[in-house]
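Report on one structure; see the data block that follows.
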Amino acid sequence: MRTKYKTSTRSALAEQYKVSLPTFRKWLMRIPDLELSETQRTLTPKQVEKICTHLGEPPD
């Protein structure tokens, strides 16, 4: 069954991956075709899916 992704913020995802926000931003810059803007506060479900596909699911 396919995982449903929800909207999230960068800081919330960084917390889930257990890294600092600056480190998480560096990781995001390496994901091709992510299409983020500097002013975008919320990540769409599609963006969250791309992040999780590229980085793997966050640890529990």
Once the piece of chain linking Lys46 and Ala12 is laid out straight, how much longer is it, given 0.36 nm per residue of separation minus the C-alpha distance between them? 10.6 nm
Quick one: what are the phi-derived ³J(HN,Hα) couplings along region 11-19, Karplus 6.51/-1.76/1.60 with θ = phi - 60°, whole Hz, x for glycine and proline? 5, 5, 5, 4, 5, 5, 7, 6, 10
Between beta-carbons, use under 11 Å as the cut-off and find the net charge around Leu43, counting Lys and Arg +1, Asp and Glu -1. +3
Starting from the amide H of Leu43, placed 1.01 Å from N in the peptide plane, find each other amide H under 5 Å away whose residue is 5 or more places distant or on another chain. Ser8, Thr9, Arg10
Value at 222 nm in deg cm²/dmol, rounded to 500, when DSSP H runs of n ≥ 4 in the chain each add -39,500 (n - 2.57): -12500 deg cm²/dmol
Please compute the length gained on full extension between Asp60 and Trp27, using 0.36 nm multiplied by the number of residues separating them and subtracting their Cα-Cα distance. 10.0 nm
Debye intensity ratio in log₁₀ form over the Cα atoms of the chain, taken at each q of 0.13, 0.27, 0.29 Å⁻¹: -0.29, -1.42, -1.66
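Where a number appears in this text, it was derived from the coordinates with a stated rule and is not lab data. This one's a predicted model, so the numbers in the text were calculated from it and none came from an experiment. Don't worry about glycine lacking a Cβ; one is built from the backbone with ideal geometry, like all the others, and counts go over all protein chains shown.
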